[in-house]
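The values are calculated or read from the model by the stated rules, or taken from the named source; none is laboratory data. Please read all numbers here as calculations on a predicted model, not as lab measurements. Cβ placement follows ideal geometry from the backbone for every residue including glycine, while neighbour counts extend to all protein chains displayed.
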Amino acid sequence: MNLPANPLVGMFATYPFVEIEKKKRALMERGVEVIDLSIGDPREITPAFIADALKAHVPARSSYPTVLGRRSLREAIARWCERRFGVTLDPETQVLPANGSKEAVFNIHLALVDPSAARRRVVIPSPAYPVYERGAAFAGGVPTLLPLARANGFVPDLDAVPVQVWNETAILWLNYPHNPTGASATQALYDKALELAHRHGFVVLSDEAYSELTFGAPAPSLLSSGTERALVFQTLSKRSAMTGYRSGFVAGDPELVATFRALRPNLGVATPEFVQHAAEAAWNDEAHVEALRETFRQKRDDALAVFNKEGRGAGFEVVPNDATFYLWIAVPKDTTSGAEADRWLQHAGVAVVPGEAMGETGEGYLRLALVPTREECRTALSRIARVFGARSHVTSERKRT
């Protein structure tokens, strides 16, 4: 049947993680125990006080939540931004709760991109989270990839972008700490981005989902460089092990927040009010974040020990980073990220993301998400070490012959 369809649905039909899931399930149906290091979904137990806050506010009669969300949640978010970044926000005009940051990241393009305008480029440093490009395309924007180089610490060289490109740009995306590389940004990058935004007339959107998962200095925020022409996207998914709660926020320029708020009734509403109560409890507490961060630090130390001891001899290298629960692994020159990801899945029962799934500039790397329990991660690492051993043996044989 010849049914109507947006051609972009077909173009983007294979979401990278869906393809990984298919391969993983095919193995599991054959009885293979697969450990998933592909999707950034923490397996840590959501802190009890957060779950208790949700349970205590499940009503006998459920009603639609508002678009704006509870005032007390917006106030809690504003207090967190001031406590964490030293930024004062008006909870009435500069904060909007969202159904997780992914929903907001995709839909913000519908609010800010005019598909009929000359200024409709969406500049996306790459490799990148796929949703930026897809959201821009569905909104009628022109995704424009800005390659990130390892030599530059996977931070964009904004001065290298031609003036003509900036003059056609509606949105510049930034994402630090960075998914997938784990790279960190400086406040100077945000200062530069906003200076260019003011000069050329675009806006800067900053996805800061991993800002609380740092193992050195705390991550800076775009908000600390200014709120005019700026929006920050935050989530409780990683910070508080609340991926299933679907709770985040957008904050910054009141005019941009108002534009997004005007769009929201056409898409839906805020998360259920009982989830908002849980979110409010989470934003008001830092102790649980410190505990989760320490858990991720331990898993990271375990992984680095294996890769530094076993991986190097097999030609694999962990790219240094100091944030996120991801490791960005350079693969040997004689293979590809896709081939190596398949090898690890088939021979070790460990699912990882090939860098090519994060964009062409991700080729040559694998992304590991250290999100299972520490014991599961150790099991996965021992399996990966056996793959390293087998590869090192083959490499040695080739050299001898």
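The table that follows gives values for the structure above.
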read-out: Cβ-Cβ under 7 Å pairs, at least 6 apart or on other chains, the range 220-241 side under 14 Å from Val289 (Cα atoms), far side hydroxyl-bearing (Ser, Thr, Tyr) and not in a loop (DSSP other than H, G, I, E, B); value: Thr235/Ser101; Leu236/Tyr245; Ser237/Thr243
read-out: Residue that is nearest to the chain's Cα centre (by Cα) [pool: residues in the range 303-320 that are assigned to a helix (DSSP H, G or I) and buried (at least 16 other Cβ atoms within 10 Å of the Cβ)]; value: Ala303
read-out: Filter result for Ala351 (in contact with an Asp or Glu (Cβ under 7 Å, 6 or more places away or on another chain) and within 13 Å of Ser38 (Cβ to Cβ)); value: yes
read-out: Number of the condition not met by Thr379 [criteria: (1) under 24 Å from the mean Cα position of the chain (by Cα); (2) under 19 Å from Asp41 (Cα atoms); (3) in a helix (DSSP H, G or I)]; value: (1)
read-out: Identity of the residue in the range 354-375, of a type outside the set (Val, Ile, Thr) and assigned to a loop (DSSP other than H, G, I, E, B), that ends up modelled with the lowest pLDDT; value: Gly359
read-out: Condition met for Ala351 (at pLDDT 95 or above, assigned by TED's automatic domain parsing to the domain that holds Phe17, more than 26 Å from Val131 (Cβ to Cβ) and not acidic (Asp, Glu)); value: no
read-out: The range 260-277 residues that are more than 20 Å from Ala60 (Cα to Cα), paired with ones that are among the small types (Gly, Ala, Ser) and part of a helix (DSSP H, G or I) (beta carbon under 8 Å, 6 or more apart); value: Phe260/Ala104; Phe260/Ala111; Ala262/Ala111; Leu263/Ala111
read-out: Residue count, the range 170-190 (criterion: closer than 19 Å to Pro127 by Cα, touching a helix residue (DSSP H, G or I) at 6+ places or on another chain (Cβ under 7 Å) and either not assigned by TED's automatic domain parsing to the domain that holds Leu145 or not aromatic (Phe, Trp, Tyr) (or both)); value: 4
read-out: Any pair with Cβ under 6 angstrom, 6 or more apart, that starts in the range 44-59 at a residue that is at pLDDT 95 or above and ends at one that is part of a loop (DSSP other than H, G, I, E, B); value: Thr46/Ala241; Thr46/Met242
read-out: Helices (runs of 4 or more DSSP H) fully within the range 59-177 counting 1 or more residues that are crowded, with 17+ Cβ neighbours inside 10 Å and touching a Pro at 6+ places or on another chain (Cβ under 7 Å); value: 71-85, 130-138
read-out: Boolean, Arg391 is part of a helix (DSSP H, G or I) and surrounded by fewer than 18 Cβ atoms within 10 Å (Cβ to Cβ); value: no
read-out: Residue in the range 308-319 that is out of contact with any Cys (no Cβ under 7 Å at 6 or more places or on another chain) and under 28 Å from Val123 (Cα atoms) present; value: yes
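This table checks each residue for (1) at pLDDT 95 or above; (2) closer than 19 Å to Glu82 by Cα.
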| residue | (1), (2) |
| --- | --- |
| Ser240 | yes, yes |
| Pro254 | yes, yes |
| Pro272 | no, no |
| Thr295 | yes, no |
